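Taking it in order: structure first as structure tokens, then the write-up.
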Amino acid sequence: MKVGQRFTLRITPVNPSVCGEPTLPTSVTAEIEGPSGEPIEGQIQLGEATAPATLQFTPVRPGPHHILVAFSQVGGLHQFDFHAVVDSSLSAPSYTLNRACTSLERTQQGSWVCGTTVLRGDTQVATFPNARLAVAGDVIWVLSSTALERYVDTGSALVMTGSLNHSQGNATFLLASAEELAAVHDDSLALYTFSGGTLASAGVTPWTPPAASVGFAGDPHGLLLREGSQFILVTRQAVNFQSVIQACPYQLDSGRLQRTPETCLQLGGDVVGFEPQVLWTRDPPFMSGTRLEQGSIHRWEWSGGRLVEAGSVSLGAQALLTFPPMVTPSVVPAIYANQSGNFSASLTAVAFWSAERRAILFEHLDAEVHSLRASPTFYWGNISPSTSPPLTKIRLRSQAPIP
């Protein structure tokens with residue numbers, strides 16, 4: 001449901017029968033609680049005979065809403081949890097690219113980095129097969145299994161500013177700034193620097209990747225978060241026969257990422273997103289009566305050498321997570337309404353952090369996008385699964401949606 005728009009919920013009473021004749025409820029009431037527990041005004045009416053009752057109300061603030069519906073005499077007590085989302089679909093700028101993008105970034109000059117291809121509009125500027133790309137401002141880093149190249153987008157051309165051969169093999173994760181590139185290779189952690197017109201690496205730190213990826217098959221086996229000279233490496237490990245998320249701190253020392261003596265933090269659940277200083281996780285789903293609750297999303301911030309939980313929100317039984325590949329520099333959790341497990345693009349939303357409310361809220365951006373993916377900056381995916389060639393629709397995300 002969307003903030004400021006009328007929401008309708010139909011509730012079917014549980015009707016026992018006596019001697020084959022249905023027994024009907026005589027009345028129905030509804031209580032609606034907003035994000036802070038405040039009462040929300042609504043109207044509810046009984047349906048005729050065995051028809052569902054109809055509840056209507058208009059959410060005024062984004063966030064979780066709890067609904068309690070009680071039928072009199074017979075019909076039972078019904079509880080529902082829904083998220084009211086900010087609707088940015090009419091205001092978010094929109095772009096379309098004539099190809100599918102497994103990852104998406106944009107330079108300050110406006111060039112799109114779609115997977116391994118750099119585009120200006122729909123015009124291909126350059127392509128870098130068998131490499132990973134990362135963007136920081138107008139800088140584009142290109143890292144293959146044997147070489148690193150650094151380019152600057154001038155608005156009219158890509159200018160190479162440095163190159164460096166290396167022997168670290170494939171990289172599975174990149175974290176970029178304009179002057180530094182941190183990379184998780186198959187068996188090492190490396191920091192590459194650009195200074196005085198020269199690319200260099202002060203050395204690498206060996207590491208043994210775990211057997212499991214942080215997410216699903218094809219996802220990286222390690223993610224890096226960074227604040228200044230402090231890093232944290234996020235992996236999935238088997239500890240005491242349990243699969244856990246493990247976050248181990250590293251410190252930059254003479255250009256190398258060195259493991260610090262601090263104990264690794266262990267978290268339950270799954271990794272469902274990451275940003276340069278943020279980790280998103282989800283608790284496992286669980287049964288509550290006859291409902292499958294989807295667990296809670298947690299937002300963790302890497303700051304001051306500690307990974308601290310900033311906030312969490314329960315998904316309830318009505319919201320399902322999407323699980324896009326974790327191949328972009330940032331992945332933000334996205335959800336869709338649970339309609340018997342079927343996906344509907346018109347009922348999707350992506351998480352954002354409200355600093356004012358210190359809460360995780362959700363924003364709806366588009367009713368056409370399938371195979372959706374989201375970062376703090378973009379929301380994108382195929383316009384239609386059957387389009388050939390596939391068209392990618394992009395919506396720019398506001399950095400501060402109105403809470």
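Annotations for the structure displayed:
- Over all other residues within a Cβ to Cβ distance under 9 Å of ALA351, the charged ones net out to 0, with Lys and Arg as +1 and Asp and Glu as -1.
- Isotropic mean projected area of the C-alpha convex hull, segment 185-294 (nm²): 9.0 nm²
- If you look at the Cα atoms of segment 107-208, you get an Rg and a Dmax of 13.2, 42 Å.
- Magnitude of the charge dipole, the chain, Cβ model with Lys/Arg +1 and Asp/Glu -1, debye to 20: 400 debye
- Size of electric dipole in segment 262-302: Cβ of Lys, Arg +1 and of Asp, Glu -1, about Cα centre, debye, nearest 20: 200 debye
- Note on THR54 and LEU68: the model spin-label points, each 7 Å out from Cα along the C-beta direction, lie 2.6 nm apart.
- Here, the chain is characterised by an Rg to Rh ratio of 1.04, where Rg is the alpha-carbon radius of gyration and Rh the Kirkwood radius.
- For segment 7-84: Kirkwood Rh in Å [reciprocal of mean 1/r, alpha carbons]: 13.1 Å
- Formal net charge of residues neighbouring GLY316 (Cβ-Cβ distance under 12 Å; K, R +1; D, E -1): -1
- Only Lys, Arg (+1) and Asp, Glu (-1) charged, at Cβ; segment 183-279 dipole about Cα centre in debye: 120 debye
- Residues of segment 277-321 falling in the label zone of GLN251, defined by backbone nitrogen less than 17 Å from a point 7 Å along Cα to beta-carbon, are 303-307.
- Which of THR392, THR58, THR208 has the fewest Cβ neighbours within 10 Å, and the rest in rising order: THR208, THR58, THR392
- When the Cα positions of GLY121, TYR95, ALA190 are compared along the charge dipole of the chain, GLY121 comes out farthest toward the positive end, with charges on each C-beta of Lys, Arg, Asp and Glu.
- Note on the chain: GNM, Cα springs under 10 Å; of ARG373, ARG99, ARG226, the largest mean-square fluctuation is that of ARG99.
- Local charge for LEU199 was computed over the other residues whose Cβ lies under 11 Å away, with Lys and Arg +1 and Asp and Glu -1, and equals -2.
Readers should treat all values here as calculations from the given coordinates under stated rules, not as data from a laboratory. Just so it is clear, the structure is predicted and the values come from calculations on it, not from any experiment. Here Cβ is always computed from backbone atoms with ideal geometry, including for glycine, and neighbour counts include all displayed protein chains.
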